[in-house]
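Worksheet: the structure to be examined is printed underneath.
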Amino acid sequence: MKKCFLGSSGLVLLALASGCSEPYSAPEAIITRLDAANAGDPADCLPMVDPLDGRVGSVAPFTGSCSQDPESRSLAFQWSLVDSPSGSMSMLSHSDLVTPTFAPDVPGAYRLRLVVSNGVLTSQPAEADLVVGRCGDRAPVAVPTASSMAPFTGESVQLDVGVDDDDTLSDCAAHGDMFEYTWSFVELPAGSRAELNDPAVHDPSFTADVPGNYTLRIVVSDPTSRLSEARQIQLAVAPCGDHAPVITSVASSPSAAPATGQVVRVSPTFNDADLEAGCEAHAAVFSYAWQLEGLPIGSQATLNQEHTQSPSFTPDVPGDYRLRLIITDPTGRSTSRLETITASVCGTNRPVITSIDSTPSAAPATGQAVSVSPTFTDADLEAGCEAHAGVFSYAWQLEGLPTGSQATLNQQQTQNPSFTPDVPGDYRLRLVITDPTGRSTSQVQTITASTCGTNPPVATASASSASASPNDPIQLQGDATDADTDTACGLDQTLSYSWSWAALPAGSGALLSSPRAQFTGFQPDVPGTYTAELVVTDSRGLSSEPVRTNVTVDACGTAAPVAAAQKVGPGSTVTCGASAIAVNLNGNNDVLLDAATSSDPDNGACGLSQTLFYSWSLLTTPLDGGGSRLRTADGRTTVLDADSNGEYRVRLLVTDSTGRVSREATCILNLSNAG
């Protein structure tokens, strides 16, 4: 069974005899905006209804890519321009492509038609309207300017052009920044060779090389190839800048013949007519080129800077130094001058060291600071060369030391350093003196340190007594000699003393009164041997061997007193003891107690004269004896004033002058017949 097709009239042709069953459909031509068709959304592939806005010279953005065939057959495209404004010469190009090329050339309404074919059937025509405004059909207007309308000769002139074009306004902004520029000289002064650096940019420049009138022309072309009217700009170049500078002198500092090795600074004095009234803009824009084009034999001198106004150099040998200076003004005009500077022999002499002196000048003691100072001469310090004074440098070195020495110089780059010998022996110093020209000389000096200052003190220690009793004050004395302070060495050293206990008896808490003084003391507190040790140190830190002194303290003075009490009257005298003493008062209430029989062993065999102190106290009384009392509590005797019969207990304690306390003695009194 065959398919039938629909003709271009849309009528169905029946061909039942030939077996046609289903008809073919014609393709559909659809014109859309190019950006909508490229978006990829089928909803954007709708036939255009409203006209599209366009601009003169801009390609119309139409495409037929949304056209379609029901059978998905390949389509052939045929575009045509069916209407255009009067005067238009625009034509379609590539009219058989999906997207043709068409650029409107005048404002107005344009209509494009598209027909597509699938090879069997042809679509109905699709049409789209393009309305083109006036954007792009107006010529630009050029407005040239210059950085200076009256530049000086040799001055660089910067040109620029402003462009007015209605096609660059907001509704035609797509035409902006696409102008082409053509600059050219219309008139040049006689002899000028001025050229534009780039005649195709909006802001070229040129250098006015001679005075006179310079006339330039500018033409601007817009993207539609419309040309502006040619505009001219005329510049009057003044004669300022056409004079060469004149060097009147080249001054040097120092102005007289400089010494060899002395820095010489040179500077020119010059004038230029271009610096006079009306041409002041040329000031301070000169360039300088210096060259040492002649040197004495053997010289390696160079300028520190060759393109500054005032460079310097240092003559390194006596003789003539020939300098050439070229000064160039801003217009490129230049002048030169040759100047000769003669360096004298000052600065060519080496220093001579005549001596190296030390303080102290004789053999210093070990540990004694030694200051060294050179004496030297230099012919460059003589009359006519005084400029070299005070600029010498010094380099000291301890290049030889005695075995074991760690001595160092306090400063190596000063004129008068010092060091301290730390062991006896030879100290070898080297001094290098360098003058301002770099010339130097050296000398070695040996300083021998004596053994003075290495001797430690010799100490002795003694006690005011070799034996004593407890609590007897003892004075200790230290003495010392030091060979460093004798006549041979004569060092003024100070000695310091340090006492300490080497040994103390068990239980002793004795203290030294002044352990850092030459004289000290202590008070022994227990029997035994007290050993004090002394070390003496001199002001250089050397210490004596320790020396000791002993003080032996016997047991005398360590015994406690013995308390003993007696009842004296009425009646007989009775020694108090463990038993009660019966006392018949016969109406008398007083009982006399006496401690005369108390004693202190230290006052017997030891022969000490210790004082005894007594302390009485009433311990107990009868129940009805509450009014009884001792009339004295701290005398050798006391009186018991009893007010009732019964038993009384009285205690006695004895203390000696060392503070030792006896055991207590108790009197038990059984009184009767109290009054």
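Counting just the residues of segment 343-353 that are assigned to a strand (DSSP E or B) and touching a Pro at 6+ places or on another chain (Cβ under 8 Å), which one comes out surrounded by the most Cβ atoms within 10 Å (Cβ to Cβ)?
Selected residue: A343.
In this structure, is V237 open to solvent by less than 50 Å² (accessible area, probe 1.4 Å), closer than 30 Å to T153 by Cα and touching a Leu at 6+ places or on another chain (Cβ under 8 Å)?
no
Just for strands (runs of 3 or more DSSP E) wholly inside segment 505-587: which have at least 1 residues that are in contact with a helix residue (DSSP H, G or I) (Cβ under 8 Å, 6 or more places away or on another chain) and either more than 29 Å from E664 (Cβ to Cβ) or open to solvent by less than 30 Å² (accessible area, probe 1.4 Å) (or both)?
528-538
Return a yes/no flag: does segment 138-149 have any residue that is open to solvent by less than 60 Å² (accessible area, probe 1.4 Å) and in contact with a Pro (Cβ under 6 Å, 6 or more places away or on another chain).
Within segment 138-149, none of the residues are open to solvent by less than 60 Å² (accessible area, probe 1.4 Å) and in contact with a Pro (Cβ under 6 Å, 6 or more places away or on another chain).
Can you tell me which condition D472 does not meet? The list is (1) among the acidic types (D, E); (2) open to solvent by 60 Å² or more (accessible area, probe 1.4 Å); (3) in contact with an Asp or Glu (Cβ under 8 Å, 6 or more places away or on another chain), and all the others hold.
(3)
Show the residue pairs that are 6+ apart or on different chains and have beta-carbon atoms under 8 Å apart, the first residue being within segment 117-128 and part of a strand (DSSP E or B), the second being among the aromatic types (F, W, Y).
A128/F62
What number of residues within segment 634-675 are more than 30 Å from D525 (Cα to Cα) and not in a strand (DSSP E or B)?
Of the residues in that region, 7 qualify.
Could you go through segment 488-495 and let me know if any residue there is open to solvent by 70 Å² or more (accessible area, probe 1.4 Å) and of a type outside the set (D, E).
For segment 488-495, residues open to solvent by 70 Å² or more (accessible area, probe 1.4 Å) and of a type outside the set (D, E): present.
Condition check ((1) within 38 Å of the chain's Cα centre (by Cα); (2) over 30 Å from E533 (Cα atoms)) across all residues:
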position	(1), (2)
T414	yes, yes
D422	no, no
L429	no, yes
D435	yes, yes
T441	no, yes
A449	no, yes
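Going by what's in this entry, would G607 be described as open to solvent by 60 Å² or more (accessible area, probe 1.4 Å) and either of a type in the set (A, V, I, L, M) or modelled with pLDDT under 85 (or both)?
For G607, the condition - open to solvent by 60 Å² or more (accessible area, probe 1.4 Å) and either of a type in the set (A, V, I, L, M) or modelled with pLDDT under 85 (or both) - is not met.
Is there any pair linking a residue in segment 495-520 that is in contact (Cβ under 8 Å) with a residue 40 or more places away in the chain and closer than 14 Å to V553 by Cβ to one that is in a strand (DSSP E or B) and of a type in the set (G, A, S), with Cβ under 9 Å and at least six apart or on different chains, and which?
Within 9 Å, the pairs are P505/G528.
Identify, please: which residue in segment 444-469 is farther than 27 Å from L431 by Cβ and aliphatic (A, V, I, L, M) and is, among those, most open to solvent (accessible area, probe 1.4 Å)?
Once the filter is applied, the top-ranked residue is V458.
Of all residues being of a type in the set (A, V, I, L, M, F, W, C) and in contact (Cβ under 8 Å) with a residue 40 or more places away in the chain in segment 422-443, which is most open to solvent (accessible area, probe 1.4 Å)? Just the residue, please.
Taking the candidates together, the pick is V423.
Pairs under 7 Å by beta carbon, first residue at positive phi in segment 647-675, partner outside any loop (DSSP other than H, G, I, E, B), six or more apart or different chains?
N673/N584
The values are calculated or read from the model by the stated rules, or taken from the named source; none is laboratory data. None of the values given here were measured: they were computed from a predicted structure. Here the Cβ is made from the backbone with ideal geometry for all residues, glycine too, and neighbour counts use every protein chain on show. The area values use the complete protein model at the heavy-atom level, side chains included, leaving out ligands, DNA and RNA. Shrake-Rupley method; radii C 1.70, N 1.55, O 1.52, S 1.80 Å.
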